[in-house]
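Peer 1: Take a look at the following structure, please.
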Amino acid sequence: MTSGDRSTALTALARTGFARLTAADTLLGELEQVVGTSRADAMDSARRVADPDNALSAILQIARRDPDAVRAAAADAGAWRALWDLTGASDGFAEFYLRHPDELAHLSGTGLTLPDEQAMRTEMLAAVGDVDGFAADGSDEAWAVLRTRYRRILARIAAFDLGQDDPAGVIDVVSASLADLAGAALEASLSIARTRVTGTGPAAFPREQVAATRFAVIAMGKTGARELNYVSDVDVIFVAASADEEVVSEARAIDIATRLAVQTMRGISGPEIEPPLWEVDPNLRPEGKQGALVRSLASHVQYYDRWAKSWEFQALLKARAIAGDPGLGADYVAATQPLVWQSSARANFVEGVQRMRERVTDNIPAAEANRQLKLGPGGIRDVEFTVQLLQLVHGLSDERIRQRGTLDALDALVAEGYIGRSEAVAFGRDYRLLRLLEHRLQLRGLRRTALLPEKDDDLRVLARATRLSDSAAGVQAVWEGIKREVRDIHVR
């Protein structure tokens, strides 16, 4: 190859989106040899991904370990596109497929539609061999199986998301799918937990007592509202009861349910061979960390009636039964929701909620304030806080605005005249864009974060991942514009 030809080849790589041109040129040649795909095909696949350099490097690493798995993916146009999209947007998925190259076979057909809630729940329970609420295996290996299957399904959601020309336009359905998948994972982990606590030893419970223990997981926050992120704490509250007092007393049922809660959380976020999924956070429960992990429904209602603070009712706004006994979960929501809407009648309610928001903002480290997409001024919380406060103030007398989701609530507030249409359009657009930025940041490492990167290279990848710009300066300008508009509407 002449120097002119080489220069032309490197220029073509730069136009495709590669940054490490010499390395990319070498790796493309190796990929062609190992997998059998042409350089032109690989460059065409790389053109649309967030980080072509990382995608190419990751796919080649997987191919070195299991060339047959990558060749099979390359032979399926949909799987090949999904693999480039996933590894180009997510080091976390690159590491997943390097650990489990056999999972590439399940990329076939991905990216076209989102999996539905029932299908995900059925698949997660089948993965752990669930029969009547008890998993076939209660060992640590069962948790590894659960986590691997979760990530297989998560890849389908992400492939659909990354394949959209307008990803902000599908942020609501993607977030809902992520929340549904979290519920399916908790259900499968609970199934394993039931089997674990009925094992041998002095600490084990009789199987019939575990089966007679009603146990419900109530999702709060973004999970309850079906607007979850890729990697976020899943806030939960646990409630329990006895299905048959002759088999298990209520006090005994609470003891069993407490063990079930601990094991369910451990299955999702405890240290194992397969990395944790996300943190299960039960600290919104009555009395927080100092309170009982599991309570009866009557105990919950008594607490909210007598001692709960205003912010606790705000948290309950999004409560939704997500796993375990559906009847008990529905009873919990039915018992607590009236208390949510009555809370705004309390003295100094609005001022108390506002002070809580101010404390959150004041506690952001100064070095992070301008990069904090979630908690900072002009960020996600400003939109959510404004919408929730309007709901709580007017929801006592207007049931039509009692919506869990932010975008649904915003639509209802406009329809009922509590917020101007132009402000709502701006808020809705900005909220979708903020959530998109947050999603892409979390996909990168499959870890929780809401901080805009500082380095130009990372910002450029974020710009390509969101399709909001093709440069670091462009995506930074988008963020600055959103921040100003959201803060202005929030303050007004």
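Peer 1: Suppose we keep only residues that are open to solvent by 20 Å² or more (accessible area, probe 1.4 Å) and not in a helix (DSSP H, G or I) within the stretch 297-340. Which one would you say is modelled with the lowest pLDDT?
Peer 2: The extreme case among them is K309.
Peer 1: If a residue must be among the aliphatic types (A, V, I, L, M), touching a residue at least 40 places away in the same chain (Cβ under 8 Å) and not in a helix (DSSP H, G or I), how many such residues does the stretch 47-100 contain?
Peer 2: Matching residues across the stretch 47-100 total 2.
Peer 1: Filter the stretch 362-414 down to residues that are in contact with a strand residue (DSSP E or B) (Cβ under 6 Å, 6 or more places away or on another chain) and without any contact (Cβ under 8 Å) to a residue 60 or more places away in the chain, then give me how many there are.
Peer 2: 1
Peer 1: Here's another thing I want to ask about it. Could you list, in sequence order, the residues of the stretch 346-368 that are part of a loop (DSSP other than H, G, I, E, B) and more than 17 Å from L390 (Cα to Cα)?
Peer 2: The answer is N363, I364, P365, A366, A367, E368.
Peer 1: Which of the residues spanning the stretch 255-286 are more than 26 Å from the chain's Cα centre (by Cα) and open to solvent by 20 Å² or more (accessible area, probe 1.4 Å)?
Peer 2: D255, the sole residue that qualifies.
Peer 1: Conditions first: (1) at pLDDT below 95; (2) among the hydroxyl-bearing types (S, T, Y); (3) open to solvent by 50 Å² or more (accessible area, probe 1.4 Å). S139 passes all but one, so which condition is the exception?
Peer 2: Condition (3) is where S139 drops out.
Peer 1: In this structure, is R15 touching a helix residue (DSSP H, G or I) at 6+ places or on another chain (Cβ under 8 Å) and modelled with pLDDT under 95?
Peer 2: Numbers: touching a helix residue (DSSP H, G or I) at 6+ places or on another chain (Cβ under 8 Å): no; modelled with pLDDT under 95: yes.
No; evaluated as a whole, the condition is false for this residue.
Peer 1: Can you list residue pairs whose Cβ atoms sit under 7 Å apart, with the first residue in the stretch 314-333 being touching a residue at least 24 places away in the same chain (Cβ under 8 Å) and the second being part of a loop (DSSP other than H, G, I, E, B) and open to solvent by less than 20 Å² (accessible area, probe 1.4 Å)? Count only pairs 6 or more apart in sequence or on different chains.
Peer 2: A315/M220; K318/M220; K318/A225; A319/M220; V333/A319
Peer 1: Quick one: in the stretch 222-254, of everything that is of a type in the set (S, T, N, Q) and open to solvent by less than 20 Å² (accessible area, probe 1.4 Å), which residue is modelled with the lowest pLDDT?
Peer 2: Once the filter is applied, the top-ranked residue is S232.
Peer 1: Please name all residue pairs, on different chains or six or more residues apart, with Cβ atoms under 9 Å, provided the first residue is in the stretch 194-210 and is of a type in the set (A, V, I, L, M) and at pLDDT 95 or above and the second residue is loosely packed, with under 12 Cβ neighbours inside 10 Å and not in a helix (DSSP H, G or I).
Peer 2: V197/A203
Peer 1: Which of (1) open to solvent by less than 10 Å² (accessible area, probe 1.4 Å); (2) touching a helix residue (DSSP H, G or I) at 6+ places or on another chain (Cβ under 7 Å); (3) closer than 22 Å to Y332 by Cβ is the odd one out, the single condition I171 does not satisfy?
Peer 2: Evaluating I171 over (1) open to solvent by less than 10 Å² (accessible area, probe 1.4 Å); (2) touching a helix residue (DSSP H, G or I) at 6+ places or on another chain (Cβ under 7 Å); (3) closer than 22 Å to Y332 by Cβ leaves (3) as the failure.
Peer 1: Any residue that is in contact (Cβ under 8 Å) with a residue 24 or more places away in the chain, part of a loop (DSSP other than H, G, I, E, B), within 21 Å of the chain's Cα centre (by Cα) and under 19 Å from A82 (Cα atoms) - is there at least one of those in the stretch 144-163?
Peer 2: Scanning the stretch 144-163 turns up at least one residue that is in contact (Cβ under 8 Å) with a residue 24 or more places away in the chain, part of a loop (DSSP other than H, G, I, E, B), within 21 Å of the chain's Cα centre (by Cα) and under 19 Å from A82 (Cα atoms).
Peer 1: Output the residue which, of all residues in the stretch 6-38 that are of a type in the set (S, T, Y) and in a helix (DSSP H, G or I), is least open to solvent (accessible area, probe 1.4 Å).
Peer 2: Only one residue tops the list, namely T16.
Peer 1: Considering each of A426, A367, A465 in turn, give the residue that is modelled with pLDDT of 90 or more and over 20 Å from the mean Cα position of the chain (by Cα).
Peer 2: Within the list A426, A367, A465, the selection yields A426.
The values are calculated or read from the model by the stated rules, or taken from the named source; none is laboratory data. Computed from a prediction, not measured in an experiment: that's the story for all the values here. All Cβ positions, even for glycine, are placed from backbone atoms using ideal geometry, and neighbour counts span all protein chains on display. Ligands, DNA and RNA are stripped out before the accessible areas are found, and what is left, the full protein with its side chains, is counted by its heavy atoms. Shrake-Rupley method; radii C 1.70, N 1.55, O 1.52, S 1.80 Å.
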